[in-house]
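A.B. asks: There's a structure below that I have some questions on.
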Amino acid sequence: MADEVVRASQLLGRRVYDSGGRPLGKVTDLITRLDEQEREQVVAVLVTPGRRGRLLGYERTSQRGPWLLAWLAAVLHRGTREVPWSQVRWTR
């Protein structure tokens, strides 16, 4: 998927691997930045090793809300991390 156009829906929920073929988890979100032509470019993916589900923004440390939701999101999505796009492998 190096330079081809893909939709976010094609990436969300897909299993990804590191360069050694070890599973990292499933993609739960895409992280983008504007390039020099003001186009959105995917620079990283948010990967969770556990079950896929809505993070409700609680993966961001600035997110505030009911403590119970924050605690539940932390428990369900522990191990969630940002993986740079250049390090994502889609197959073993």
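The values are calculated or read from the model by the stated rules, or taken from the named source; none is laboratory data. The shown structure was predicted, so the numbers you read here are calculated from the model rather than taken from an experiment. Methodologically, a virtual Cβ is constructed for each residue, glycine included, from the backbone with ideal geometry; neighbour enumeration extends over all protein chains shown.
A.B. asks: Looking at Gly57, Gly21, Gly53, which is the one that is over 10 Å from the mean Cα position of the chain (by Cα), within 11 Å of Val88 (Cα to Cα) and modelled with pLDDT under 90? If you could, list the steps in order and put the result at the bottom.
C.D. replies: Values: Gly57 fails: within 11 Å of Val88 (Cα to Cα); Gly53 fails: within 11 Å of Val88 (Cα to Cα).
Only one candidate qualifies: Gly21.
A.B. asks: Further question: Just give me the residues in the range 1-34 being exposed (fewer than 12 other Cβ atoms within 10 Å of the Cβ) and either of a type in the set (A, V, I, L, M, F, W, C) or assigned to a strand (DSSP E or B) (or both), in sequence order.
C.D. replies: First pass over the range 1-34, keeping only residues exposed (fewer than 12 other Cβ atoms within 10 Å of the Cβ): 2-10, 13, 19-22, 33-34.
Ala2, Val5, Val6, Ala8, Arg33, Leu34 - these are the residues of the range 1-34 that are exposed (fewer than 12 other Cβ atoms within 10 Å of the Cβ) and either of a type in the set (A, V, I, L, M, F, W, C) or assigned to a strand (DSSP E or B) (or both).
A.B. asks: Could you tell me which numbered condition Val83 fails, if it satisfies all but one of (1) surrounded by 11 or more Cβ atoms within 10 Å (Cβ to Cβ); (2) touching a Ser or Thr at 6+ places or on another chain (Cβ under 7 Å); (3) at pLDDT 60 or above?
C.D. replies: (2)
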